[in-house]
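Let me begin by presenting the structure, written as structure tokens, before commenting on it.
Coordinate-derived values only; no laboratory data. The structure displayed is predicted, hence computed values, not measured ones. Ideal geometry is used to build each Cβ from the backbone, glycine not excepted, and the neighbour counts take in all protein chains shown.
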Amino acid sequence: MSEEITADEAGKRILDSNGTEIGVVVDIDANKGTVSVEPEQAKLGGDLESRLGWGRDAQSQYPLRHDAIDDITDEAIRLREEY
């Protein structure tokens, strides 16, 4: 993944490697290479949450590390297959 995270990612859907929407970008920290995601809790599985470091708690946003991202398009951010 060589693309840089920019402010343009705000509002994009986050898709797992199968194309299932698992959340939406709500904040960006381009300097750290992370986006904050508001997850779609009903679509997250325990394994995916664990690999991403997300949990089922009171948080409404979770960071998504740059190294978990496979591709960034105009509409979405797709996770790497291992996620």
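A few points about this structure:
- Distance from region 1-36 to region 63-80 (C-alpha centre basis), Å: 5
- 12 Å beta-carbon shell around E75, net charge (K/R +1, D/E -1): -2
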